[in-house]
């Protein structure tokens, strides 16, 4: 069979183009470039209420993304949520009294965990637990509290 | 022992009986012709011999093997020893003449390209088209396409060749060439040829033995000479090309008078 | 009773075709080891099926992306959310439009060409001829084309999505003034490699399998006349469209049903 060289070359180019498109989609379009998990270290934080937090939600410090939520489990004894955070290995100077709170991005946006650095001299390592946590704001509770305090204030 | 033995062959297509008990012998080294009016299933017979179709009853033995009992691999081995020339040539249209003839060689042997080149040239030389090897099938005339197909059919030096209506629709020159080729190739390569045709003159010129089929049965068998002298009505009509006889001119049904009268009655 | 009779006949005929189609698929798959051995045949087919479709995919992808940019902007601007245009364009393309539209275009261009080619080979007795030359036409002719379609479509779908996103960017940033950074960063955050892109790739792999199978079967099963081949090509396009859209629903429900 006379296989033209040009045919093989164009097929090769086609495959390259296809793979290039996939690569572009992977790197520029999706969050793949943020997957540097192998070098990350894990810490756990316990929350009373995680609100709308999901796996792969961002973890930030001063607004800068330093990791993601790896998984969320229910603790059968304390009835709280144990959230495992996967933090980038490059940010390994978080004091052990760092606080974790759940915030909402924008008014109706996604929920994420914001960390606030503490003052201790020792740093968080793989497997440590963040002690200070603040649960997500549940709108109904806030309104309820507001009404309650308003009612009290009127007396 | 005949190369091909067909015994009590029955074959139906839907409800129509194509063969109702046919016995045929094809002898080695001879050109055997199978003739008959159109639609008597001559092409079907070739497909049955080649194992592409399975008979409803009866056996076909090729070189001592029951074609339809063979497992897949053995059937394919047997086919390598059969050459077939289709009515249209059936060349692969996307490759050149050279590649077409080289096709069976490349598929079934591990011969180096240099040898293949020589073999193909030889086969094409035998059919007179060696210098056409770069052409594409679309650029060939009908007659040339058939000759290329013939070269391809003999590429693996088969033991037999089946020709499906090789003379149909050919101009006198191509016809003459083909007739000549079939006879020559049969003799020079010691092949067994089966020619299915309804072209009387040409077939009679080269056949050693002729089978005449009609109505699903063999109605006559013999050499071209014995056929000429036959007393059977069928044979006479066929050999002399009479418009009416055992094969009727009018399509069977209502008589002409009734038809006209009926129409008149309805009005 | 005529209607019921016809319905019954149709049902029997359809089951018959499905059965033949299934057996045909088994024969194709059985020919895969042999075809991989003769990979040059597959490459030749990838050329005629994949490479020659690229231009169509590029242009269609670009326009679809640009329209998405326009329409998306018009809708989002009412909610003050035009910065999410990037997300909208990328998710629409990567999850749905990329795999589905490229599969439909593929069925129309490459699928119908395959059907016509095989149907023509059947009617000129080339397939019969090959059989008589002891060459299995499935292994030599059909399976390489199957592999080619199966391999090409995911690449084509990826190209479609990529070009579409660029088209959306051109319109959004270039024409409508959406913020450059917001377009890409929001997209990157919200488009998930596994859930969105890989799922889209899986969809196009499934589509490639089914569309190529349908195209080859219709060609192989066609009545070997010019009318028969013509009808077979139409059937390829129609059946492929049904299959693509139906499978898309099923796959989407499976993949994105419980996010």
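Readers should treat all values here as calculations from the given coordinates under stated rules, not as data from a laboratory. Keep in mind that what you see is a predicted model, and the values were worked out from it rather than measured. Please note: Cβ atoms are built from the backbone with ideal geometry, for glycine as well, and neighbour counts cover all protein chains shown.
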Problem set entry | Value of [θ]222 nm, deg cm²/dmol, for chain A, DSSP H segments ≥ 4, -39500 (n - 2.57) each, nearest 500 | -7500 deg cm²/dmol
For this session: May I ask you to work out the translational diffusion coefficient for the range A:77-155 at 25 °C, viscosity 0.890 mPa s, via Stokes-Einstein with Rh from the Kirkwood sum over Cα pairs, reported in whole µm²/s?
Result: 161
For this session: State the Cα centre-to-centre distance between the range A:59-98 and the range C:177-231 in whole Å.
Result: 38
Exercise. When chain A is treated as a GNM, springs tying every alpha-carbon pair under 10 Å, which of A:129, A:69, A:142 comes out with the largest mean-square fluctuation?
Worked result: A:142
For this session: For the range B:162-208, state what percent of all Cα-Cα pairs lands in each successive 5 Å bin, counting from 0 Å until the bin that includes the largest distance.
Result: 5, 22, 37, 26, 9, 2
Exercise. Averaged over peptide C:45-51, how many Cβ atoms belonging to another chain are found within 10 Å of each residue's Cβ?
Worked result: 5
For this session: Write down the percent of antiparallel bridges among all DSSP beta bridges whose residues are both part of chain B, to the nearest 5.
Result: 55
Exercise. Cα axis of helix C:226-256 to longest principal axis of chain C: angle in degrees, 0 to 90, nearest 10?
Worked result: 40
For this session: Write down the percent of antiparallel bridges among all DSSP beta bridges whose residues are both part of the protein assembly as shown, to the nearest 5.
Result: 65
Problem set entry | Residue-averaged 222 nm ellipticity for chain C, from DSSP H runs of 4+ at -39500 (n - 2.57), nearest 500 | -25000 deg cm²/dmol
Problem set entry | Angle in degrees between helix C:39-49 and the longest Cα principal axis of chain C, rounded to the nearest 10 | 60
For this session: Would you mind checking the range A:89-105 for residues with the amide N under 20 Å from a putative spin-label position 7 Å along Cα→C-beta of residue A:123?
Result: A:89-100
Exercise. Which log10 I(q)/I(0) values, to two decimals, does chain A give at q = 0.16, 0.19 Å⁻¹ under the Debye formula with one point per Cα?
Worked result: -0.93, -1.16
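What order do you get for C:49-62, C:125-138, C:233-246 when each peptide is scored by the mean count of other beta carbon atoms within 10 Å, highest first?
Sorting C:49-62, C:125-138, C:233-246 by mean packing, highest first, produces C:125-138, C:49-62, C:233-246.
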Problem set entry | Zero-based 10 Å bins, Cα pair distances in the protein assembly as shown, whole percents | 3, 11, 17, 16, 14, 11, 9, 7, 6, 4, 2, 1, 0, 0
Seminar exercise, completed: Scaled by the rule-of-thumb 2.2 N^0.38 Å, the alpha carbon Rg for chain B gives a ratio of 1.14
Seminar exercise, completed: If one compares the long axis through the Cα atoms of helix B:97-108 with the longest principal axis of the Cα atoms of chain B, the angle in degrees, nearest 10, works out at 80
Seminar exercise, completed: When chain A is treated as a Gaussian network with springs between alpha carbons less than 10 Å apart, the largest mean-square fluctuation among A:57, A:101, A:90 is found at A:90
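Which ordering of C:28, A:66 is given by a fewest-first count of other beta-carbon atoms within 10 Å?
Fewest-to-most Cβ neighbours within 10 Å comes out as A:66, C:28.
What's the average, rounded to a whole number, of partner chain beta-carbon atoms within 10 Å of each residue's beta-carbon in B:82-94?
5
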Problem set entry | Order by protection proxy (mean Cβ within 10 Å, highest first), peptides B:68-80, B:179-191, C:205-217, B:99-111 | C:205-217, B:99-111, B:179-191, B:68-80
For this session: Given the options B:172, B:248, B:224, state which has the largest fluctuation in a GNM of chain B using a 10 Å cut-off (strictly under) for Cα springs.
Result: B:248
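For the range C:16-256, what is the Kirkwood estimate of the hydrodynamic radius, computed as the reciprocal of the mean inverse distance between distinct Cα atoms, to one decimal in Å? Please list the in-between numbers first.
Numbers: mean 1/r = 0.0528 Å⁻¹.
Taking the inverse mean of 1/r over all distinct Cα pairs, the range C:16-256 comes out at 18.9 Å.
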Exercise. Contour minus end-to-end for residue B:28 and residue B:168, with contour as 0.36 nm per residue of separation and end-to-end as the Cα-Cα distance?
Worked result: 47.9 nm
For this session: Let me know the mean shielding of C:185-194 by other chains, meaning the per-residue number of their Cβ atoms within 10 Å of its Cβ.
Result: 5
Exercise. What's the center-to-center distance, using Cα atoms, between the range C:60-114 and the range B:190-236 in Å?
Worked result: 69
For this session: Determine the distance separating the Cα centre of the range B:1-56 from the Cα centre of the range B:107-156; give it in Å without decimals.
Result: 29
Seminar exercise, completed: Calculated from DSSP helices alone, with each H run of at least 4 adding -39500 (n - 2.57) and the total divided by the residues of chain B, [θ]222 nm to the nearest 500 comes to -11500 deg cm²/dmol
Problem set entry | For peptides C:63-69, A:82-88, sequence by mean Cβ density within 10 Å, most packed first | C:63-69, A:82-88
Exercise. Per residue, what volume in Å³ does the Cα convex hull of the range B:1-84 take up?
Worked result: 97
